[in-house]
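A.B. asks: Sharing a structure with you now.
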């Protein structure tokens, strides 16, 4: 266990550099980073599919037996194509659904105000403000879904940069 911790501490500066680079890419160009990840993932899956097909072809040539290789190769190629074609529409649906949920939750918060006599020393304004905030965020997500995803990626970039800095500081302190 001690060797693992020493190894992690020794390469903390490498992790910090990787975290900061990824974080800045997410912060500065979230759309390009997202597209790049989609292309890399699709290419990786397509290469796996092609390798399965080549291996199956060679195996068939040597043994005469095909097996599951053709099916898995074709399915991996179809999956790669589906990732390229369907990722953006599927990802853009999530903020819409999340926005609808937040709008409903905001309306519930606003409608659950006490109707009878007010409780002493308990203001209803925090609940009203929270309900209005939920409504506002829900409407933003509903009417601007892809921009909301890009903003979330930028926030993730900030978190990754801070994580990298924290990793470096922790490594320096532990020496």
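A.B. asks: Any residue in the stretch 161-175 that's over 17 Å from residue 21 (Cα atoms): show its pairings with residues that are part of a helix (DSSP H, G or I) at Cβ separation under 8 Å, as long as the two are six or more apart or on different chains.
C.D. replies: 170/12; 171/9; 171/12; 171/13; 171/16; 174/9; 175/9
Residues are listed down the side, and each one gets a yes or a no for (1) touching a helix residue (DSSP H, G or I) at 6+ places or on another chain (Cβ under 8 Å); (2) buried (at least 18 other Cβ atoms within 10 Å of the Cβ); (3) on the phi > 0 side of the Ramachandran plot; (4) at pLDDT 90 or above:
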site: 3; (1), (2), (3), (4): no, no, no, no
site: 10; (1), (2), (3), (4): no, no, no, no
site: 21; (1), (2), (3), (4): no, no, no, yes
site: 31; (1), (2), (3), (4): yes, no, no, no
site: 35; (1), (2), (3), (4): no, no, no, yes
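A.B. asks: Residue 160: part of a helix (DSSP H, G or I), at pLDDT 85 or above and surrounded by 14 or more Cβ atoms within 10 Å (Cβ to Cβ), yes or no?
C.D. replies: yes
A.B. asks: When you look at residue 77, is it at pLDDT 85 or above, in contact with a helix residue (DSSP H, G or I) (Cβ under 7 Å, 6 or more places away or on another chain), within 26 Å of residue 157 (Cα to Cα) and part of a helix (DSSP H, G or I), yes or no?
C.D. replies: In short, no.
A.B. asks: Can you say whether residue 154 is under 23 Å from residue 32 (Cβ atoms) and either loosely packed, with under 13 Cβ neighbours inside 10 Å or touching a residue at least 40 places away in the same chain (Cβ under 8 Å) (or both), as far as the supplied structure shows?
C.D. replies: Yes; evaluated as a whole, the condition is true for this residue.
The values are calculated or read from the model by the stated rules, or taken from the named source; none is laboratory data. Everything numeric in this text was worked out from a predicted model, so none of it was measured. We place every Cβ from the backbone using ideal geometry, glycine too, and count neighbours over all the protein chains shown.
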